[in-house]
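Chemist: Please see the structure below; I have some questions.
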Amino acid sequence: MDQVLKSGLKETVRVDQDRLAALYAEMGDLGAEDVVCRAMEELAHRLSLCSRLYAAGELTELRKCARSLIAIGDQIGMHMLIRVAGHVTDAIDAGDGPAIAATLARLIRIGEQSLSAIWDLQDITI
């Protein structure tokens, strides 16, 4: 075995612009920007917290943290983040250690990409 194949783990993350447009229509520019900024900060914090909780073996708290990411993602239209956070909670509920590790790693990747996607939208008028 002389060759090792390294596969890329990049998935395309999209933000639901209709959801963001509805948020801006409902709350106005300043209110919606405040909500989006707070959601981004909370998302970054909770992604980091999920990693720490997993490392500490705190699966009950990890599940709560993943569930909170579902609520944050729903608020600002991050459908893939919602789906993957649900997979993490499903893996925890099943007691499947390898699946927890794999889905959590994917959640972190998707979360980081989702943050970048929202950041990139700041230059786009909704």
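Chemist: If the viscosity is 1.306 mPa s and the temperature 10 °C, what Stokes-Einstein diffusion coefficient in µm²/s follows for the stretch 17-121 when Rh is the Kirkwood radius over Cα pairs?
Modeler: 114
Chemist: On a full-extension model of 0.36 nm per residue, what is the gain between Ser48 and Asp34, subtracting their alpha-carbon distance, rounded to one decimal in nm?
Modeler: In short, 2.9 nm is gained.
Chemist: Choose one of Ile92, Leu49, Met27: the residue whose Cα lies farthest towards the positive end of the charge dipole of the chain (beta-carbon charges +1 Lys, Arg; -1 Asp, Glu; about the Cα centre).
Modeler: Ile92
Chemist: Continuing with this model, one more query. Length gain on complete extension for the stretch Thr60 to Met27, per 0.36 nm per residue less the alpha carbon to alpha carbon distance?
Modeler: Values: separation 33, 0.36 × 33 = 11.88 nm, distance 3.45 nm.
Here the answer is 8.4 nm.
Chemist: Follow-up. Given Cβ point charges of +1 (Lys, Arg) and -1 (Asp, Glu) and nothing else, what value in debye, to the nearest 20, does the dipole of the chain about its Cα centre take?
Modeler: Taking the Cα centre of the chain as origin, the dipole is about 420 debye.
Chemist: Then there is this: Near Gly77, within a Cβ-to-Cβ distance under 10 Å, what is the net charge of the other residues, with Lys and Arg +1 and Asp and Glu -1?
Modeler: -1
Chemist: A follow-up question, please. Using 0.36 nm per residue, how much length does the chain from Glu11 to Asp93 gain when fully extended, once their Cα-Cα distance is taken away?
Modeler: 27.0 nm
Chemist: Sticking with this one: Under a crude label model (7 Å from the Cα following the beta-carbon direction), how far is Arg67 from Glu41 in nanometres?
Modeler: Placing both labels 7 Å beyond Cα along the Cβ direction yields 2.5 nm.
Chemist: How many nm separate the modelled label positions at Asp120 and Arg83, each set 7 Å beyond the Cα in the direction of the Cβ?
Modeler: The answer from the label model is 1.7 nm.
Every number here is computed from the coordinates shown, using simple stated rules; none is lab data. In this text, all values refer to a predicted model and were calculated from it rather than measured experimentally. Cβ: placed from backbone, ideal geometry, glycine included. Neighbour counts: every protein chain shown.
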